[in-house]
1. Could you list the chymotrypsin sites (Phe, Trp or Tyr not before Pro) in segment 53-86 that lie in coil according to DSSP, counting only those with at most 11 other Cβ atoms within 10 Å of their Cβ?
2. Taking each pair of different alpha-carbon atoms in segment 24-104 once, compute 1/r for the pair, average those values, and report the inverse of that mean as the Kirkwood hydrodynamic radius in Å to one decimal.
3. For segment 24-104, what does the relative contact order come out to in percent, with C-alpha contacts under 8 Å and a separation of six or more?
4. Going through segment 21-99, which GluC sites (Glu not before Pro) have at most 11 other Cβ atoms within 10 Å and a DSSP loop state?
5. How large is ³J(HN,Hα), in whole Hz, for each residue of segment 57-74 in order, when computed from phi with the Karplus curve 6.51 cos²θ - 1.76 cosθ + 1.60 and θ = phi - 60°, using x for Gly and Pro?
6. Taking H placed 1.01 Å from N in the peptide plane, check which residues at least 5 places from residue 85 or on another chain put their amide H under 5 Å from its amide H.
7. Quick one: 3J(HN,Hα) in Hz for segment 41-54, Karplus 6.51/-1.76/1.60 with θ = phi - 60°, rounded, Gly and Pro as x.
8. Taking θ = phi - 60°, what integer Hz values does the Karplus form 6.51 cos²θ - 1.76 cosθ + 1.60 yield along segment 28-38, in sequence order, with x for Gly and Pro?
Amino acid sequence: MRIGGMLLAAAAVVGGWQAALAQLSAEEVARRVAARFGVEVLKVREVEDERGRLFAVTVLLPEEAGNAAFQVGILYVDAETAEPVPRLVHRPAGYELPRPLPGAPEPVRERMMAPRYGPQAGR
């Protein structure tokens, strides 16, 4: 009985230790994303999704990216592995669009359908 209790306690300690190692810091995620994708990391923030804990990493593309140089984008990465996570959630009947970011304006159909160029632009 005593050995079983000690084994159970040791397993709990090792399990907690592994869980602590699995949670990457924002600095470590920034380092891994910069090294893997060759981008400059501008900001890292933690977000919650129905898939779990993620990091939203705001990046700047380098000059070597050609026409995409100096563009800013957001990569969503898993908090435990720093691997990219797709924003579209695939469902049996198709996919679901991601929720808008906090502070983003709601799209308005009339504004989306309005001509942007030409004589009727801005009406």
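1. Here the chymotrypsin sites (Phe, Trp or Tyr not before Pro) that fit, given the DSSP loop and packing criteria, are 70.
2. Every distinct Cα pair counted, the radius reaches 13.6 Å.
3. 21 percent
4. 50
5. Working through the residues one at a time gives 10, 7, 10, 10, 6, x, 4, 5, 7, x, 5, 8, 4, 6, 7, 9, x, 10 Hz.
6. Here the answer is 76, 77, 78, since their amide H atoms fall under 5 Å of that of residue 85.
7. 8, 8, 7, 10, 9, 8, 9, 10, 9, 5, 8, x, 7, 10
8. Rounded to whole hertz, the list is 5, 4, 4, 4, 5, 5, 4, 5, 6, 9, x.
Each reported figure results from applying straightforward, stated rules to the coordinates on display, with no laboratory input. The shown structure was predicted, so the numbers you read here are calculated from the model rather than taken from an experiment. FYI the Cβ positions are ideal-geometry reconstructions off the backbone, even for glycines, and counts take in every protein chain you see.
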